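The values are calculated or read from the model by the stated rules, or taken from the named source; none is laboratory data. Remember, it's a predicted structure, so these values are computed and weren't measured experimentally. Because the Cβ atoms are built from the backbone with ideal geometry, glycine has one as well, and the counts that use them run over all protein chains shown. Surface accessibility is based on the protein's heavy atoms, side chains included, excluding ligands, DNA and RNA. Shrake-Rupley method; radii C 1.70, N 1.55, O 1.52, S 1.80 Å.
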Amino acid sequence: MAAADRPVTGAQPPSDERTLTVLRERAFAAMERAYAPYSNFRVGAAILSSDGSITEGCNVENAAFPSGICAERGAVASAVARGNRSFETILIATEADEPTPPCGMCRQVLEEFSPHLLVVSVTRSGREAHWTLDELLPRAFTPNSLDRR
Ligand code: THU
C-alpha cells in the first residue's frame, strides 16, 4: 500500500492534531495540483473517511466555465469511488488571506453523506477556521426529505 493510501491509525477523534497535520499536508499538496487558469484561485481538499483513509481533491476548471468542479466535490467523488461514504473531517486549503468555507453546492454534496462533518479551512499563513456542516447548511435538503411525499 502506498504511503499516501495508508490509513492514519489512531485517528479518532477527528480533531486529533496529528490527523489534522496530515490533512493539512495532503490538502496543500492537492492545491498545488489544482487546475485553475481562469480564476487563479487554487483550492485543495483532503477528506478523512471513517476508516481513517484520506482522499484529496483539487479544483479543476474548464474553458466552458460551468464545467469546472470544486476541490471538495472532487474529493468526495474520489472517496466514494474508493468505497467510502462516511466522512469525519474535510480540510480545505487555499491561498486566500482568510479561511474560506465551502461553496453552497459543495455543502449540499457533503450533506448527503455526513451531515455532522467537521469542516476545517486553512490558509498558507496558518489561519484556520473550524465549522460543522450543520452550522454551514442548516435545515438542509437531505435523503430523508425525499420520503416526505
Ligand atoms: N472553489 C472550490 O474549489 N471550492 C469552493 O468551495 C469554492 C470555490 C473553486 C471553484 C473555482 O475553480 C475557483 O475556486 C474560484 O471560484
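Close Cβ contacts (under 9 Å, 6 or more residues apart or on different chains) running from residues in the stretch 19-41 that are on the phi < 0 side of the Ramachandran plot to residues that are open to solvent by 100 Å² or more (accessible area, probe 1.4 Å) and away from the ligand (no atom under 15 Å from the Cβ) comprise Phe28/Arg124. Being more than 22 Å from Glu98 (Cα to Cα), modelled with pLDDT of 95 or more and more than 8 Å from the ligand (Cβ to nearest atom) holds for only one residue in Pro66, Pro37, and it is Pro66. In the stretch 103-122, is there at least one residue being out of contact with any Gly (no Cβ under 6 Å at 6 or more places or on another chain), free of Cβ contacts under 8 Å to residues at least 12 places away in the same chain and more than 26 Å from Tyr35 (Cα to Cα)? Scanning the stretch 103-122 turns up no residue that is out of contact with any Gly (no Cβ under 6 Å at 6 or more places or on another chain), free of Cβ contacts under 8 Å to residues at least 12 places away in the same chain and more than 26 Å from Tyr35 (Cα to Cα).
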